[in-house]
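Working notes, structure below.
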Ligand code: DOR
Ligand code: ZN
């Protein structure tokens, strides 16, 4: 694959016309895409810049509903700057920043700070997720309406990292969210069932002497919340769903409960739950500690099938950077979570495309179109046709690379894929007509 660039005139990027030559939208037949003023347009005769995209696949820019950017308060692990760079390098053009920061994003001040930092960095659209409860403590609803009305325009609320365990608080949150046109994203874990839990409850954890994380802690909350959302006529999104039975509960809820009153339920799966299994813990390396935990292969296979058949709507990274001290310790003391932004697309290709479960159209659906729809974004996850935003990623389907945590853009290096071969590479990313990544490198400004 070769890439050439001929810049004929030096005009500001908003005016520039760009021709992306011989690219394969959704992996289909090669064509040229043309960009002017940040929008895909019909062919232009004399572009300012031409890039040769022979052999590259174009997808709408990827959208991540579940990213931990750690700012404010956790800057030793990640910042809006480093996390945005990792996102752009992974092919993302929008991310949703989870509120379990310090201070918690439970007020207009904090969500506005994260939103502004995202705009200053300018590599991806950073949408703050607002907390459901004050301090993520599960006791008192946060100022959801004020966060929705702030310039950040919050439309997704979550206590992620923790579950909204109290059913009455969850019911009220769903009712408020409905009134705000927002969605509640639940980290489904009945905390009463997971006290001290370290790894999936089963033979592997028993052998390793790690306290078990009972999968019914997830499944029972999903069943409860689907019913609460149906009763409230509200929109529920289930974060990082991880078991076969959880997918069955989703199917049941959709088939039997009344969607006419505004009720809907969507769900995401992480790349690591599609690829890795509970046996990864056998090395006692806390890089494999994550919440919810890695599950047995039967679950992994069910999750892949559920993503292929639409039961699971989308892939979300749960990108969870942690400083060395939080991971370089004994298993039970380590914080749960793993990096995801720069490895998500290759892991989806390994688990879903190489296995024949999805084609590239399907990848566009689960990594871009569906998450944009769930979050109510109107300018992301759009078709690659004239008149739509020039927000896209170009992928080399044959460029393998080896994961090295130290070489990733994140400030942290807790990748579970260290040394693993990834089958595809993101080469270029474009956000509204402006390159954020060229030839695998972040373009320009502040990090
Ligand atoms: O593994 C996880 N890490 N799961 C969560 O729910 C939270 C996240 C974090 O913030 O590190
Ligand atoms: Zn979570």
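For the range 1-153, the normalised intensity computed at q = 0.09, 0.10, 0.14, 0.17 Å⁻¹ comes to -0.41, -0.49, -0.78, -0.95 (log10 of I(q)/I(0), Debye sum over alpha carbons, equal scatterers, no solvent).
For the peptides 207-217, 261-271, 167-177, residues were scored by their other Cβ atoms within 10 Å and the scores averaged per peptide; the highest-first order is 261-271, 167-177, 207-217.
Residues 378, 415, arranged from fewest to most other Cβ atoms within 10 angstrom of their Cβ, appear as 378, 415. Please state, as a whole number in µm²/s, the translational diffusion coefficient that the Stokes-Einstein equation yields for the range 74-168 at 10 °C and 1.306 mPa s, with Rh defined as the Kirkwood radius across alpha carbon pairs. In µm²/s, the coefficient rounds to 118.
Here the scattering of the range 364-447 is modelled by Debye summation over its C-alpha atoms, one equal scatterer each and no solvent; at q = 0.14, 0.15, 0.23 Å⁻¹ the log10 of I(q)/I(0) is -0.64, -0.73, -1.21.
Taking only the Cα atoms of the chain, the radius of gyration and Dmax are 21.0, 67 Å.
Taking all Cα pairs closer than 8 Å and separated by 6 or more residues, the relative contact order of the chain comes to 19 percent. For the pair residue 255 and residue 357, label points projected 7 Å from Cα toward Cβ lie 2.0 nm apart. Sorted on the mean count of surrounding Cβ atoms within 10 Å across their residues, most packed first, peptides 422-434, 74-86 read 74-86, 422-434. Let me make sure I get this right: for the range 139-189, a, b and c are the square roots of the gyration tensor eigenvalues over alpha carbons, sorted descending. Under 1.5 in a/c it's rounded, otherwise prolate if a/b > b/c, else oblate. Which is it? Cα axes put the range 139-189 in the prolate bin.
Can you divide the C-alpha Rg of the range 282-418 by 2.2 N^0.38 Å and report the result to two decimal places?
The range 282-418 yields a ratio of 1.17.
Diffusion coefficient (Stokes-Einstein, Kirkwood radius over C-alpha pairs, 4 °C, 1.567 mPa s) for the range 65-223: 79 µm²/s, rounded to a whole number.
Based only on other Cβ atoms within 10 Å, what is the fewest-to-most ordering of 136, 69, 339?
Ordered by Cβ neighbours within 10 Å, fewest first: 136, 69, 339.
In whole percents, the pair-distance distribution calculated for the range 285-336 from its alpha-carbon pairs, binned every 5 Å from zero, is 5, 17, 20, 20, 14, 11, 10, 3, 0. As a rough footprinting exposure proxy, the listed residues 187, 272 were ranked by other beta carbons within 10 Å of their own, and the order from fewest upward is 187, 272.
DSSP beta bridges in the chain, what fraction antiparallel, as a percent rounded to 5? Around 45 percent of the beta bridges assigned by DSSP in the chain are antiparallel ones.
If you take the Cα Rg of the range 152-281 and divide it by 2.2 N^0.38 Å, with N the number of residues, what do you get? Walk me through the intermediate numbers first.
On the way: Rg = 15.5 Å, N = 130, 2.2 N^0.38 = 14.0 Å.
This ratio for the range 152-281 stands at 1.11.
Computed over all pairs of different Cα atoms, the Kirkwood value for the hydrodynamic radius of the range 44-94 is 13.5 Å.
No lab work stands behind these numbers, since they all come straight from the coordinates. These numbers were taken from a predicted model, which means no experiment stands behind them. Reconstructed Cβ throughout: ideal geometry from the backbone, glycine too, with neighbour counts over all protein chains shown.
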